[in-house]
């Protein structure tokens, strides 16, 4: 990717991606497309814990590492961690991938099942396929948005689903970098655009709509090498009829950068 201009939309690990591109000789254009805002209300968590103590759930599903850690931090503050650990010990614990796995193991939690690579909702559902859920309580640790697909599938099996919000995704407070990126794409100044989250796609198009440039953005991306970290981001790109140049396998940053380097060489 020597001297190639690469658009990076990642926020949390944005600097890491920028450095990876620079180390490979590329020219990164960093336009964070996502803000993670805390969405934990201690009072609601305390009420939830009281209800779970009275009616323990059968299944817990943890979807993200950052959300799992935030939940435990809130429970620590409420002095409810030991109760939560007892509930987990009595239930079936399922994780979406390695990040929530690490966060739970740090708390000594037993993990009963883990979604397979590439860690999408499809794999989560496969991991719990044999569990009888009719009339049972299921707790889902939410990530940035509600996982409607997972909730509907669980409810269709007769489960009582409760989502615990831990953080929510939003547009960054400063959208000027995204506006500049849309302009750069329109002028064909980017060789590639890297998407590491489905909400990055939706937020970029939200900014484009405000500029009355959604169609312009779609056409510009389809003239650019679009790199997706995995099937969830790819599905969002297809929603906007954007052609995917490459999809990382496995869905990890290192593999994504290697694939991008090869594609641009």
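The values are calculated or read from the model by the stated rules, or taken from the named source; none is laboratory data. Quick caveat, the model's predicted, so the values are computed rather than measured. When we count neighbours, we look across all protein chains shown, and the Cβ atoms used for this are built from the backbone with ideal geometry, even at glycine.
Can you name every residue in segment 52-72 that is touching a residue at least 24 places away in the same chain (Cβ under 8 Å) and either over 16 Å from residue 99 (Cβ atoms) or out of contact with any strand residue (DSSP E or B) (no Cβ under 9 Å at 6 or more places or on another chain) (or both)?
Within segment 52-72, the first condition is being touching a residue at least 24 places away in the same chain (Cβ under 8 Å), and the residues that meet it are 52-53, 55-72.
Passing the criteria: 52, 53, 55, 56, 57, 58, 59, 65, 69, 72.
All conditions but one from (1) out of contact with any strand residue (DSSP E or B) (no Cβ under 8 Å at 6 or more places or on another chain); (2) modelled with pLDDT of 95 or more apply to residue 31; the one that does not is (1).
Go over the candidates 171, 125, 181, 133 one by one and state the one that is crowded, with 19+ Cβ neighbours inside 10 Å and under 30 Å from residue 203 (Cα atoms). Break it down stepwise before answering.
On the way: 171 fails: crowded, with 19+ Cβ neighbours inside 10 Å; 125 fails: crowded, with 19+ Cβ neighbours inside 10 Å; 133 fails: under 30 Å from residue 203 (Cα atoms).
After applying the criteria, what remains is 181.
Answer yes or no as to whether residue 80 is in contact with a helix residue (DSSP H, G or I) (Cβ under 6 Å, 6 or more places away or on another chain) and either crowded, with 16+ Cβ neighbours inside 10 Å or modelled with pLDDT of 95 or more (or both). The answer is yes for residue 80. Taken over segment 231-263, the criterion of being touching a residue at least 24 places away in the same chain (Cβ under 8 Å), over 17 Å from the mean Cα position of the chain (by Cα) and either assigned to a loop (DSSP other than H, G, I, E, B) or crowded, with 20+ Cβ neighbours inside 10 Å (or both) is satisfied by 240, 242, 245, 257, 260. When only residues in segment 12-50 that are in contact with a helix residue (DSSP H, G or I) (Cβ under 7 Å, 6 or more places away or on another chain) and free of Cβ contacts under 8 Å to residues at least 40 places away in the same chain count, which is surrounded by the most Cβ atoms within 10 Å (Cβ to Cβ)? Per the criteria, the residue is 28.
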